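Data first, discussion second: the structure below is written as structure tokens.
Taken together, the values in this text are just the output of simple stated rules run on the coordinates, not laboratory data. Bear in mind the structure is a predicted one, so any value in this text is a computation, not a measurement. We place every Cβ from the backbone using ideal geometry, glycine too, and count neighbours over all the protein chains shown.
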Amino acid sequence: MAKATKTGQFIYIVQAILEPSKCKIGKTDNPERRLKEYNSITGKSKDNHYAYLFVAQVSDMAQMEKAITERFRILREEKSREIYFYNHELFRQYVDYIKKSPWFVQEVFIKQTAPKIITKIVKRTTPTLKERGLTRKELLQKAQKVDDDEFYTLYEDLEKEVACYDKRIWRNKVVFCNCDDPVGGDETRTSAFALYFINHFKDFGLKKLICTHYSGEVDLFNAGASGYIFTKYGFNELDVKKESPKGYTGAFEDPLSIKILNDEADIVCTNPPFSRAIDYWKLIIGSGKQFLIVSAITNSINTAFIPYFKNKTVWAGHNRIDHFLNPKRQLVEASGHWYCNLTIKNRAKLEHLKIIPLKDIPDAEKSYDDNKTLLVSNCYIPSDYKKPFAVSARPILNGVLECGYEIVADKRYTPYIDGKEKFARVLIQKA
Ligand SMILES: C[S@@+](CC[C@H](N)C(=O)[O-])C[C@H]1O[C@@H](n2cnc3c(N)ncnc32)[C@H](O)[C@@H]1O
């Protein structure tokens, strides 16, 4: 640290190396001395030393510290005075806030973090379907085969979807993100759901945000916290030792997660692991809670999920999801969609449905299979056809079940034409 900035008024952000979910934000007139004090705290293990992430000289450290407390109240640990919740993005927000404040004089130190992901890179690094010589059908089939669950939702996809609902649905609600690590280790893995609800906590008037994440093993000692609770009074780690003495895995199906779901949650919002989608849907829908979740775009033509659409316990959200982040910080093509049981007003995609008399549907978009079942494509829907007919997932996602049509079979429908298997569909009929 430069000599001229050894003493004066400073605001700092410091972190203990073994506590990645927390940082301390405080004021001091001597940063060097303060760091020594942190590192000489009796009983602290040698490995768990503190290091500065950021130090800034300010003109009024008391005012600055007070302003930080007010601005980031929900991120302040409830029981302590200087501990704040930490992840890469929130660190950026803390630093930004300090630098834009009227008391900021100069930056003394900043730890370099990984550069922010620039989503525009997608266009250059992710080839289009045409460039890859793939049809959408082939892409969907490929996506269905993906068994790796480590794909992360983009913040902007969540932002775009939530913007389609009445903001008042969140007021005074407990939001439960049960597959979401709000810390993440690096910014790719930091849950966009956690960040989004932290950032909108006040604006939405949330009562509580609970984020739990899967650690892969039972955590008896709460060594790596698997859950965080945010309220207007601050944040707390889930007290696993007290709540789950036999150990907690952070899994959505862990008894403690199910208890939170049943006893506390009002709205569940996440992108759960694809490989566990069937169990996840069963649990969440069975809980009777409200939800807004991401799942495969083809669910409405898959036997495991069709009954939910048929019984109207689930319907499509507004948007599809075309990209996720992988753990290597790359954007990858995805075939996801939002699903929910929230009230949908003004579904924009109804406009894509072409509900017209059968005779007016172009021949290229209608055919009969070997069972003489009518197949219609490209969102053409016969307005005057009385028997069941087969459609792809798209009309379901575009809201055809809200237009006087219903699913009439519990299983997916696989058409054959001249003995050749065609793309799977679902049977619907005018009510
Ligand atoms: C598709 S990723 C999405 C992560 C995050 N929700 C997001 O949208 O960015 C699903 C996550 O669920 C985690 N996971 C796997 N099994 C789980 C379980 N049983 N309970 C909760 N999460 C699980 C995976 O490790 C993975 O990080």
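Here are the numbers for the structure shown:
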quantity	calculated
Magnitude of the charge dipole, the chain, Cβ model with Lys/Arg +1 and Asp/Glu -1, debye to 20	720 debye
Per-residue Cβ neighbour rank within 10 angstrom, fewest leading, Thr188, Thr113	Thr113, Thr188
Region 300-332: trypsin sites (Lys or Arg not before Pro) falling in loop per DSSP and having at most 15 other Cβ within 10 Å	Lys312, Lys328, Arg329
Extension reserve of the Arg71-Lys111 stretch, reckoned as 0.36 nm per residue once the Cα distance is removed	12.2 nm
Ser215-Asn236 pseudo-label distance in nm [points 7 Å out on the Cα-to-Cβ vector]	1.8 nm
Difference of contour (0.36 nm per residue) and Cα-Cα distance, Lys411 to Thr303	38.4 nm
Within the chain, helix-based [θ] at 222 nm, where runs of 4 or more DSSP H residues each add -39,500 (n - 2.57), nearest 500	-6500 deg cm²/dmol
Stokes-Einstein translational diffusion, region 2-110 - Kirkwood Rh over all Cα pairs, 0.890 mPa s, 25 °C, in µm²/s	175 µm²/s
Kirkwood-based shape ratio for region 350-430, expressed as Rg/Rh from alpha carbons	0.93
Extension gain (nm, one decimal) between Asp149 and Ser367, 0.36 nm per residue minus Cα-Cα	74.7 nm
Pairwise FRET efficiency - Glu32 versus Ala62, Cβ, R0 = 22 Å, nearest 0.05	0.60
C-alpha long axis of helix 136-145 to longest principal axis of the chain, angle in °	60 degrees
Loop trypsin sites (Lys or Arg not before Pro), region 141-210 (other Cβ atoms within 10 Å of the site Cβ: 12 or fewer; DSSP)	Arg171
Per-pair calculated FRET efficiency, R0 = 45 Å: Lys420 and Arg329 via Cβ, rounded to 0.05	0.60
Charge tally in the Cβ shell below 13 Å around Lys66, where Lys, Arg are +1 and Asp, Glu are -1, Lys66 excluded	+1
Using alpha-carbon coordinates, inclination of helix 277-287 to the longest axis of the chain, degrees	80 degrees
Taking only Cα atoms of region 15-67, radius of gyration then Dmax in Å	12.2, 35
Calculated FRET value between His49 and Asn199, using beta carbons and R₀ = 30 Å, to 0.05	0.45
Quotient of C-alpha Rg and 2.2 N^0.38 Å, computed over the chain	1.17
